[in-house]
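Student: Take this structure first; my questions come after.
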Amino acid sequence: MTSPGLYIHIPFCEKKCPFCSFAVVVGQEHRIDEYLMQLSREAECYRGTDISTVYIGGGTPSLLSVGQIQTLRVIVRENFRLEDHAEMSFECNPESVTEEKAVALNAFGINRMSLGVQSMKSRNLEYLSRPHRSEDAGRAFAILRSAGFDNVSLDFIYGLPGQTAAELAADLDQVLEFGSEHLSVYSLTIEERSLFFARKVKASEAADPDLYSLVCSRAEAAGLIQYEVSNFARPGRESRHNLNYWEGGDYIGLGMAAHSHLHGERFWNADTLPQYLKLMADKKDAAIGREKLGPHEKLVETFLFGLRMNRGVDLSALEGKYQSEFSADRKEALENFIEMGLLEEAGQFVRATKRGRAVLDEISARLI
């Protein structure tokens with residue numbers, strides 16, 4: 001059985017991007033040291049646990065100073081046993097990448113960097129209120145390469161209002177010129193917890209299947225193979241941490257708003273900074289909710305996550321693993337999607353077709 005993955009949430013940001021719906025805090029950098037102290041207390045609860053992957057996300061983890069990165073390294077290394085060749089990922093924004101931080105991250109043992117480029121067009125960056133410029137992305141990528149990072153993932157957003165296929169292609173091609181090992185691509189959506197939603201911004205035709213098809217073909221022409229609906233990688237550079245999520249594996253989440261899944265139980269932490277810090281200081285436990293998933297619930301959830309991957313999912317194997325079966329209604333829906341050309345069978349696996357990947361959220365909603 002694979003060891004759990006470890007996710008650490010660093011919620012601090014200089015500003016909140018209007019499309020972001022994650023749990024973040026703005027203008028609270030003076031509380032990072034206090035936050036790291038409570039993270040350390042939370043990590044102590046898992047001391048000695050074997051870990052297969054580490055993912056440090058946010059927020060903007062690259063806001064941490066060199067000293068704070070070193071503190072985070074101690075928290076991880078003193079409380080968890082990392083497997084040999086464990087994948088260790090760290091998210092960063094272009095404007096906050098420095099040579100000194102890159103050196104500190106190398107010393108930490110980070111071996112996979114995720115760089116939030118989003119776009120190389122000034123107009124798009126301004127619309128998304130990103131704090132960096134396109135030249136910052138190039139500078140940051142060069143720093144990471146010089147520091148020895150040979151596994152870098154880039155984030156890219158498309159489907160902005162009024163964006164044409166030609167504009168999208170030109171923007172994406174600039175990102176692909178970096179020659180990164182991994183690319184995560186997301187269409188702009190208006191989420192409830194985002195500033196765009198509060199401002200009543202209307203969603204564009206971001207989910208246009210033609211734009212999605214363009215993204216997929218451009219990325220694959222650059223040597224990046226699609227392995228999940230929104231993710232492309234060079235062979236062997238797929239995100240092992242995220243694969244663990246999609247395969248229904250266990251994971252430990254530390255920090256504000258972090259979620260965990262262990263032994264069939266899911267639990268989650270307070271999603272505001274004051275509440276997280278208070279609960280950790282008072283009780284050394286920031287969890288505010290728990291649920292135990294039954295075999296059938298776990299079967300359905302794991303199947304839907306599995307559909308996100310290009311290889312698909314073996315329904316029969318999952319039914320055996322969880323000692324449960326899909327209902328007749330769900331099996332009928334699967335057959336209908338296969339007849340429509342949105343899903344297909346490949347041996348024992350059920351997987352989304354190219355057409356199906358463009359509307360996978362709608363397919364999943366029907367199968368819940």
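Student: So which of ASP171, ASP208 ends up being under 27 Å from LEU360 (Cβ atoms), in contact (Cβ under 8 Å) with a residue 24 or more places away in the chain and surrounded by fewer than 19 Cβ atoms within 10 Å (Cβ to Cβ)?
Tutor: ASP208
Student: Among the candidates SER62, SER40, single out the residue that is free of Cβ contacts under 8 Å to residues at least 60 places away in the same chain, in a helix (DSSP H, G or I) and touching a strand residue (DSSP E or B) at 6+ places or on another chain (Cβ under 9 Å).
Tutor: Step by step, each of SER62, SER40 is checked, and only SER62 is free of Cβ contacts under 8 Å to residues at least 60 places away in the same chain, in a helix (DSSP H, G or I) and touching a strand residue (DSSP E or B) at 6+ places or on another chain (Cβ under 9 Å).
Student: So, one more: Scan segment 79-108 for residues that are under 20 Å from the mean Cα position of the chain (by Cα) and either part of a loop (DSSP other than H, G, I, E, B) or farther than 18 Å from ASP155 by Cα (or both) and jot them down.
Tutor: Those that are under 20 Å from the mean Cα position of the chain (by Cα) and either part of a loop (DSSP other than H, G, I, E, B) or farther than 18 Å from ASP155 by Cα (or both): ALA86, GLU87, ASN93, VAL97, LEU105.
Student: So which residues in segment 279-337 are exposed (fewer than 13 other Cβ atoms within 10 Å of the Cβ), within 18 Å of ASN244 (Cα to Cα) and of a type in the set (A, V, I, L, M, F, W, C)?
Tutor: ALA317
Student: Further, regarding this structure: Would you mind listing the helices (runs of 4 or more DSSP H) fully within segment 156-250 where at least 1 residues are closer than 30 Å to GLU301 by Cβ and either out of contact with any Ser or Thr (no Cβ under 6 Å at 6 or more places or on another chain) or polar (S, T, N, Q) (or both)?
Tutor: 195-198, 209-221, 240-246
Student: Going by the conditions given, is GLY264 in contact (Cβ under 8 Å) with a residue 12 or more places away in the chain and within 29 Å of VAL76 (Cα to Cα)?
Tutor: When the stated conditions are applied, GLY264 passes them.
Student: Are there any helices (runs of 4 or more DSSP H) wholly within segment 293-365 with 2 or more residues that are over 30 Å from PHE232 (Cβ atoms) and either of a type outside the set (Asp, Glu) or without any contact (Cβ under 8 Å) to a residue 40 or more places away in the chain (or both), and if so which?
Tutor: Where helices (runs of 4 or more DSSP H) fall fully within segment 293-365 and carry at least 2 residues being over 30 Å from PHE232 (Cβ atoms) and either of a type outside the set (Asp, Glu) or without any contact (Cβ under 8 Å) to a residue 40 or more places away in the chain (or both), they are 295-307, 315-322, 328-339.
Any read-out appearing in this document is the output of simple, stated calculations on the displayed coordinates, not a laboratory observation. Please read all numbers here as calculations on a predicted model, not as lab measurements. Here Cβ is always computed from backbone atoms with ideal geometry, including for glycine, and neighbour counts include all displayed protein chains.
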